[in-house]
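Worksheet for the structure shown next.
The values are calculated or read from the model by the stated rules, or taken from the named source; none is laboratory data. Bear in mind that the values here come from a model prediction, so they are computed numbers and not experimental data. In this analysis, Cβ positions are derived from the backbone assuming ideal geometry, glycine residues included, and neighbour counts consider all displayed protein chains. Side chains are part of the model used for accessible areas, which takes the heavy atoms of the whole protein and leaves out ligands, DNA and RNA. Shrake-Rupley method; radii C 1.70, N 1.55, O 1.52, S 1.80 Å.
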Amino acid sequence: MSEKRTIAFTKMNGLGNDFVVIDARREPSALGSDDVRVLAARDNPHTKGCDQILVLRPARNTGDVFMQIFNADGSEVEACGNGARAVAAFMATQGACAGVVETLGGELRCNVPASPQAGFIHHPVVTMPPPRVAWDEIPLAEEMPDTSQVELHRDLPPAFLVNVGNPHAVIFVEAGTAGLAAQYGFQLERHRLLPEGANINFAACKGDNVIELDTWERGAGLTQACGTGACATAVAAFHLGKFENHNNEFRIEPPCARSQAAIDGQRQSGLKQDDLFEILVNYNGTDLTQQGPVAFEFEGEAVL
């Protein structure tokens with residue numbers, strides 16, 4: 001019989017997208033897919049479950065830390081935008097208010113405006129990798145010259161396909177983003193054109209560069225917020241010219257910005273009335289940054 005292990009963790013969330021953060025820089029910890037599923041399960045008495053497991057490891061190159069990312073189903077993925085903000089806030093509690101987080105999807109420059117303490121709300125700024133829209137960089141299963149208008153389903157508008165550290169499809173609709181994400185997300189995540197799968201985003205443009213967004217995350221399902229999805233959607237809105245009075249800042253409203261139950265849940269974890277219930281994305285055609293709130297929930301230990 002294998003010996004049981006005790007793993008220390010910090011529970012955090014970014015607009016309801018919640019994480020178990022494990023600092024494995026000094027005491028290496030190998031997690032298999034079964035371990036991840038146990039830690040992420042909503043009935044886990046220690047972690048209370050999560051959308052993603054974030055494991056911090058020593059930097060592999062010139063960064064400050066490497067962030068290994070697992071979805072709740074045990075799959076390892078390249079990027080997590082809300083998770084990057086959570087890790088930035090976590091690192092800031094240790095005195096590093098600025099630094100570079102390495103991921104499989106690229107290096108992320110992170111900055112926390114004010115030095116935080118555990119239990120407070122912070123708004124880290126993360127500089128994302130340059131968006132990639134070439135068919136073989138997303139990647140797609142077949143060559144196509146234009147990835148901005150790709151039909152994934154005959155009953156839906158065309159999708160803008162982009163890689164912002166991980167692959168995304170962005171579909172703009174007039175309304176009903178939540179219902180569409182629930183109805184089509186699982187099916188489109190596994191579309192034949194997307195050999196590595198993709199996050200599926202349904203977006204509706206509102207006034208003043210505000211975009212309502214619901215995301216089906218690859219390997220996690222419907223989520224309260226998706227940082228890379230917010231970035232992908234802003235990139236799509238920019239290149240498709242969705243706003244006449246165009247500027248480089250987009251305000252992305254995830255479900256927690258629209259649901260009173262989600263807002264109440266965020267307030268229970270520390271989000272105050274004057275904190276943002278949205279992700280701010282800046283994109284000028286080249287540089288891409290995102291900013292949004294992160295909350296510390298609790299620290300604990302789990303047994304595997």
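Annotations for the structure displayed:
- Region 67-165: relative contact order in percent, alpha carbon pairs under 8 Å with at least 6 residues between: 20
- Rounded if a/c under 1.5, otherwise prolate or oblate - region 141-270, Cα gyration tensor axes: oblate
- In the context of the full set of protein chains, region 1-160 has a per residue accessible area of 46 Å² (1.4 Å probe).
- Per-atom-type breakdown for the chain gives carbon and sulfur 47% of the accessible area (1.4 Å probe, protein chains only).
- In nm, spacing of pseudo-spin labels at Gln183 and Asn284 (7 Å Cα→C-beta vector): 4.0
- A simple spin-label model places pseudo-atoms 7 Å from Cα toward Cβ; at Ala134 and Asn247 they are separated by 3.4 nm.
- Computed about the Cα centre, the dipole magnitude for the chain is approximately 520 debye when only Lys and Arg (+1) and Asp and Glu (-1) carry charge, each at its Cβ.
- Applying 0.36 nm per residue to the separation of Leu240 and Gln149 and subtracting their alpha-carbon distance, the gain on full extension is 31.8 nm.
- Listed residues His122, His46, His168, most fluctuating in the chain (Gaussian network, C-alpha, under 10 Å): His46
- Farthest towards the positive end of the charge dipole of the chain, among the residues Gly176, Asn209, Leu56, is the Cα of Leu56, using unit charges on the Cβ of Lys, Arg, Asp and Glu.
- Take the chain and mark each of the GluC sites (Glu not before Pro) that is in a DSSP loop with at most 15 other Cβ atoms within 10 Å; the longest unmarked stretch, sites excluded, is 4-136.
- Per-q log10 I(q)/I(0), region 1-71, q = 0.24, 0.27 Å⁻¹ (Debye; single scatterer per alpha-carbon; no solvent): -1.14, -1.33
- For the chain, the longest principal axis of the alpha carbon atoms and the long axis of helix 227-240 meet at an angle near 20°.
- Farthest towards the positive end of the charge dipole of the chain, among the residues Asn245, Met128, Ala84, is the Cα of Ala84, using unit charges on the Cβ of Lys, Arg, Asp and Glu.
- Histogram of C-alpha separations across the chain, 20 Å bin width, %: 36, 58, 6, 0
- The chain - percent relative contact order, Cα under 8 Å, separation 6 or more: 21
- Largest GNM mean-square fluctuation among Gly241, Gly74, Gly185, using the chain with Cα springs under 10 Å: Gly241.
- R0 of 30 Å, Cβ-Cβ distance Arg5-Ala96: FRET efficiency to nearest 0.05: 0.65
- Computed over region 94-201, the ratio Rg/Rh where both radii use C-alpha atoms and Rh is Kirkwood: 1.08
- Mean ellipticity per residue at 222 nm, deg cm²/dmol - from DSSP H runs of n ≥ 4 across the chain, formula -39500 (n - 2.57): -5500 deg cm²/dmol
- Each of Pro157, His191, Gly229 was placed along the dipole of the chain (beta-carbon charges, centred on the mean Cα), and the one lying farthest toward the positive end is Gly229.
- Nearest 10 degrees, 0 to 90: helix 81-92 Cα axis against the chain principal axis: 40
- Top of Asp51, Asp214, Asp34 by mean-square fluctuation, Gaussian network on the chain, Cα under 10 Å: Asp34
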